[in-house]
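Coordinate-derived values only; no laboratory data. Worth saying up front: this structure is predicted, and the values here are computed from it rather than measured. Please note: Cβ atoms are built from the backbone with ideal geometry, for glycine as well, and neighbour counts cover all protein chains shown.
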Amino acid sequence: MPVPVPRQRAIPAVESGQAQAASTVGGHSGASGASGAETAYKEKTAENTKSTTSTLVSSDTTSTNLTLLLIEDDPGGSPIVPELLDQAGKPIRVRTARNLTEAERLLTDDVHCILLDLALPAPGRADDRDDELSVLRHVLELAPRHAVLALTASGDAERGAEAVRVGAQDYLFRDELDGRLLSRAIRYAVERKRSDTAERRLAEGRMRAQENRRLERGLLPTPLLDGSPLRFAARYRPGRSRALLGGDFYDVVRTPDGTVHAMIGDVCGHGPDEAALGVELRIAWRALTLAGLCGDELLGTLQQVLEHERADDEIFATLCTVDIAPDGRRAGLCLAGHPAPLVARPGRPARLLPYDNNGPALGLLPGARWPRMQVELGREWSLMLYTDGLIEGHIGQGRERLGQDGMVEMIRRQLAQGLNGEELLRAAVNEVRQLNGGELADDVAVLLLDRVP
């Protein structure tokens with residue numbers, strides 16, 4: 001009989017909200033020192049890890065009756081007739097199938113375990129006839145998320161052990177089977193499958209964390225400010241709907257002439273492709289800045305990089321660049337669809353820098369231009385660059401958002417309280433989250449440059 005083609009299934013009951021990092025139970029029935037941005041990033045990592053672990057270990061494994069699917073060519077003559085009970089004394093439901101075609105039809109999401117007779121005739125493919133475990137391999141392919149018990153003849157322990165090596169959770173001897181032993185073996189197989197699933201998910205989580213750490217170097221750069229009197233602080237926090245990475249990016253470098261260049265940007269979207277594109281734009285910005293490009297020429301080149309690297313023509317990025325003169329008293333400002341920076345000076349209320357000549361976001365208009373505005377900073381100041389995640393959070397339960405005006409008032413109040421540097425950025429991000437009633441939906445990146453003579 002031809003083997004049915006496995007169809008895609010939803011996650012079965014063995015995984016649906018019940019996966020847990022359980023220890024294997026029962027016996028075998030057969031014979032076998034960081035910056036502010038890095039601190040915020042690691043806080044988010046710890047929250048996600050804690051949430052994942054909690055999900056894996058907090059499930060209730062006794063809330064539903066177990067269901068067994070028996071695959072045997074002669075179910076009527078099977079010795080498996082006693083009533084089967086689970087650990088809580090609830091009856092284990094049994095379904096029977098004579099072949100893989102029937103098994104596929106009966107293999108619904110509420111099946112927890114499969115009991116497969118290894119003596120079942122192998123599928124009709126010629127290359128399977130010499131493989132004693134071909135029927136098991138087909139079942140594992142058909143039901144990769146289900147626990148599987150192999151049923152073999154007494155004295156054929158070698159075949160049973162090989163079945164476990166291939167992927168079954170356990171094996172049983174057909175002639176020694178009784179209801180008590182089978183009930184125990186089913187519970188063992190289901191718990192072992194759950195444990196294996198939890199371990200696999202944790203391993204995948206660790207692998208994702210390693211990949212995120214490799215990308216962290218690109219998202220959270222080390223500022224190149226050797227020789228500059230300016231003080232630097234940054235805060236980065238991905239939004240709640242992302243794992244650890246977002247599309248926000250920033251950088252700060254000092255060129256040989258003493259000019260300090262700062263940049264912050266935001267790629268539209270929140271997936272790994274957008275995060276990777278943000279890293280590419282940041283690296284390109286640093287290389288172009290160190291090569292001497294500035295203002296409109298630099299942004300035009302970055303737009304070419306974005307257009308070449310983006311996966312979709314609709315992807316764009318906003319950007320804010322600032323170049324601070326060696327004397328620290330004035331700066332050039334270019335905005336590409338990005339919110340204007342905030343400047344604070346002693347004795348004056350914090351305010352936004354002018355943004356009347358804001359150019360379009362990168363990737364929207366071919367041949368666009370980005371005017372460079374000259375702004376006076378003065379002798380002592382603090383300059384804050386940020387992404388829109390800081391201003392788009394809600395205020396309370398309504399639809400009203402914080403906005404730039406609300407952010408300015410918040411920063412004014414926090415400065416009046418004596419906050420500065422990393423402490424100021426931490427307080428700002430935390431207050432925005434509190435006003436939003438929880439984690440922000442969008443990524444947040446903030447950097448602060450201070451000049452204190």
Given a Förster distance of 45 Å, the FRET efficiency implied by the Cβ-Cβ spacing of R399 and R105, rounded to the nearest 0.05, works out to 0.35
Between D273 and N65, the two model label points (7 Å from Cα along the beta-carbon direction) sit apart by a distance in nm of 4.7 nm
Length gained, A153-L290, 0.36 nm per residue minus C-alpha separation, equals 41.9 nm
Phi-derived 3J(HN,Hα) across region 316-333 with the Karplus relation (6.51, -1.76, 1.60, θ = phi - 60°), rounded Hz, x for Gly and Pro, is 9, 9, 8, 8, 10, 10, 9, 10, 9, 4, x, 7, x, 9, 8, 8, x, 10
Here region 387-393 yields Karplus 3J(HN,Hα) values (6.51, -1.76, 1.60; θ = phi - 60°; whole Hz; Gly and Pro given as x) of 9, 5, x, 6, 10, 9, x
Note, region 398-414: 3J(HN,Hα) by Karplus (6.51, -1.76, 1.60, θ = phi - 60°), whole Hz, Gly/Pro = x, goes x, 8, 5, 9, 4, x, 5, 5, x, 5, 4, 4, 5, 5, 4, 5, 5
Two pseudo-spin positions, 7 Å from Cα along C-beta at E141 and at D356, lie apart in nanometres by 7.1 nm
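Where a ≥ b ≥ c are the square roots of the eigenvalues of the C-alpha gyration tensor, would you call region 156-200 rounded, which needs a/c under 1.5, or, failing that, prolate if a/b is larger than b/c, or oblate? Numbers along the way, then the final one.
Values: a/c = 5.14, a/b = 1.30, b/c = 3.96.
Cα axes put region 156-200 in the oblate bin.
Please work out whether region 130-189 counts as rounded, prolate or oblate from its C-alpha gyration tensor, where a ≥ b ≥ c are the square roots of the eigenvalues and a/c under 1.5 means rounded, while otherwise a/b larger than b/c means prolate and anything else oblate?
Note, shape of region 130-189 comes out oblate.
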Length gained, D327-L364, 0.36 nm per residue minus C-alpha separation, equals 9.8 nm
Cα-only Rg/Rh for region 221-451 with Kirkwood Rh rounds to 0.94
Under the 7 Å Cα-to-Cβ spin-label approximation, V375 and D196 lie apart by a distance in nanometres of 6.0 nm
Spelling it out for V111: with amide H atoms placed in the peptide plane at 1.01 Å from N, the residues 5 or more places away or on another chain with amide H under 5 Å from its amide H are A13
